[in-house]
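The values are calculated or read from the model by the stated rules, or taken from the named source; none is laboratory data. Keep in mind that this is a model prediction, so the values were computed, not measured. Quick reminder, even Gly has a Cβ in these numbers, built from the backbone with ideal geometry, and neighbours come from all protein chains shown. Accessible surface areas use protein heavy atoms only, side chains included; no ligands, DNA or RNA. Shrake-Rupley method; radii C 1.70, N 1.55, O 1.52, S 1.80 Å.
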Amino acid sequence: MNTRVSGTAALIAVAALTLAGCAGGDGGSGGEGAPIVVGSVNTISGPATFPEASQAAAAVFDDFNKAGGLNGQMIDYKTLDDKGDPATATASARELVGSDGAVALVGSASLIECEINAKYYEQEGILSMPGIGVDTGCFSSENISPANVGPFNDMTLTLQYGSEVLGLDDICILLEIAGSTRPTYQAAIDKWTEITGKEPKYVDDTVPYGASDYTPYIVKARDQGCKALAINPVEPDAIGQVKAANAQGWDDVTWLYLTSVYSENFAEAIDNAGAGIYVPAEFYPFTDDNEINSDWRDLMTANDIPLTSFSQGGYLAAKYFIEVLQGIDGDITRESVSAALKNMDPIENPMVGTPYVFGTQNTAGWPIILKSDTNAWEKVADDWLRIGK
């Protein structure tokens with residue numbers, strides 16, 4: 001991502017944002033009965049979008065408010081769109097934290113905002129619980145702790161499943177890179193190599209987000225002798241990649257995707273899944289008819305929110321936050337919320353393979369497959385797959 005600002009404009013923007021940070025609120029929600037301000041920064045428009053996470057969190061908070069909130073205190077949930085733009089992501093965080101006085105950020109899902117705003121969150125003493133952590137900063141800051149496994153552990157999991165369970169050789173990796181994520185993806189690949197002793201046959205890190213045609217990248221991978229492709233796209237890009245392979249008659253390739261493509265919309269858009277599209281679902285497979293997801297499913301359906309892993313992440317982040325909030329004695333302030341999150345007990349939920357604790361990372365995914373003969377997602381395991389196990 002190469003968004004640039006001219007020198008003069010950059011200086012003006014920095015000065016304005018610094019003033020906003022200094023003039024902002026103290027993170028207090030006022031006395032008894034005052035609203036509890038919670039924010040989120042999301043990529044809702046731009047090259048890759050994640051709208052469902054904050055929508056799901058908003059639905060959870062609305063439900064909580066309808067039930068009376070926290071002893072009469074309502075959650076005032078504010079969501080902003082960073083458009084995948086660094087300057088907008090910076091300004092959005094300062095609006096929520098500085099001007100609006102949010103006590104925490106919950107349910108965010110952005111292509112770039114964690115890395116851009118991590119230092120600011122540390123400076124302001126505010127914690128963030130993204131529904132979907134995407135960029136490197138979501139997993140490297142003490143002030144940010146996503147509800148999801150994340151694309152980097154996801155990459156290790158999908159490679160591990162491909163080589164160790166499916167027994168695939170000649171796995172090639174195609175990467176869509178945003179910001180400075182390339183080294184972190186490499187670390188995820190290296191972790192797979194360390195665990196299995198396997199190495200990719202070929203790596204292409206030039207694959208763009210939102211390309212109109214992925215044929216050149218698919219043809220190049222096929223010509224390299226790849227038997228399986230491990231790729232990290234968002235849903236529209238993955239559809240384009242599979243269709244490009246279909247158009248080339250490449251019907252025996254195995255696809256090792258990330259949770260980002262796991263949706264009913266994706267399944268409906270695919271006519272030919274080749275040798276199978278495998279995903280390590282970061283949350284319990286929602287296409288399985290099971291009570292584990294029933295509350296989430298009912299809430300999403302009632303609010304016309306797509307049933308995706310992104311909405312699962314936003315839902316869980318909001319649920320975790322409410323449980324921690326309910327355990328706070330005294331006023332709800334940024335300081336009391338941060339202290340409660342940093343000292344929280346693990347929260348277990350059957351929708352995830354690892355209990356949630358702020359500051360630790362989930363390392364489990366549930367293997368699922370989309371097959372050409374069914375065009376429906378199916379579980380291919382009886383339990384969670386864990387990194388290194």
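Using a simple charge model, +1 on the beta-carbon of Lys and Arg, -1 on the beta-carbon of Asp and Glu, nothing else, what dipole does the chain show about its Cα centre, in debye to the nearest 20? Working shown, then result.
Working: 22 positive and 53 negative charges, 164 e Å.
Around 780 debye, computed over the chain.
In the chain, what percent of the accessible surface is made up of carbon and sulfur (1.4 Å probe, ligands and nucleic acids excluded)?
On the way: 7300 of 15420 Å².
Answer for the chain: carbon and sulfur cover 47 percent of the accessible area.
So in the chain, what percent of DSSP beta bridges are antiparallel if you round to the nearest 5?
Working: 14 of 41 bridges.
Of the beta bridges lying entirely in the chain, close to 35 percent run antiparallel.
Name the long-range amide H neighbours of Asn148: under 5 Å, sequence gap of 5 or more, or other chain; modelled H, no Pro or chain starts.
Correct list: Gly133.
Which one of Leu316, Thr79, Ile36 is farthest out on the positive end of the charge dipole of the chain, using unit charges on Cβ (Lys, Arg +1; Asp, Glu -1) and the Cα centre as origin?
My answer, from the dipole projection, is Thr79.
Just the number please: accessible area per residue for region 274-389, 1.4 Å probe, all protein chains included, in Å².
Values: 5010 Å² over 116 residues.
In whole numbers, region 274-389 has 43 Å² accessible per residue.
Taking the solvent-accessible surface of protein heavy atoms with a 1.4 Å probe, what is the per residue accessible area of region 103-261 in Å²?
Working: 5190 Å² over 159 residues.
Using a 1.4 Å probe on heavy atoms only, each residue of region 103-261 averages 33 Å².
Heads up, I need the accessible area for Lys227: 1.4 angstrom probe, whole protein in place, Å², nearest 10.
Accessible area, nearest 10 Å²: 110 Å².
How big is the charge dipole of region 171-254 about its Cα centre, in debye rounded to the nearest 20, if each Lys and Arg gets +1 on its Cβ and each Asp and Glu gets -1 on its Cβ?
On the way: 8 positive and 12 negative charges, 28 e Å.
The calculation lands at about 140 debye.
For the chain, find the longest principal axis of its Cα atoms and tell me its angle to the long axis of helix 235-247, 0 to 90°, nearest 10.
Once rounded, the angle reads 10 degrees.
Just want the answer: with Cβ charges of +1 for Lys and Arg and -1 for Asp and Glu, which residue in Asn375, Gln326, Val352 is farthest toward the dipole's positive end in region 313-377?
After comparing all options, I get Asn375.
Okay, helix-only estimate at 222 nm for the chain: each DSSP H run of n ≥ 4 adds -39500 (n - 2.57), divide by all residues, round to 500 deg cm²/dmol; what do you get? Show your work: numbers first, answer last.
On the way: 12 runs with 142 residues, N = 389.
One gets -11500 deg cm²/dmol as the mean residue ellipticity at 222 nm.
Counting only the heavy atoms of the protein chains, how much of Met74 is accessible to a 1.4 Å probe, in Å² to the nearest 10?
70 Å²
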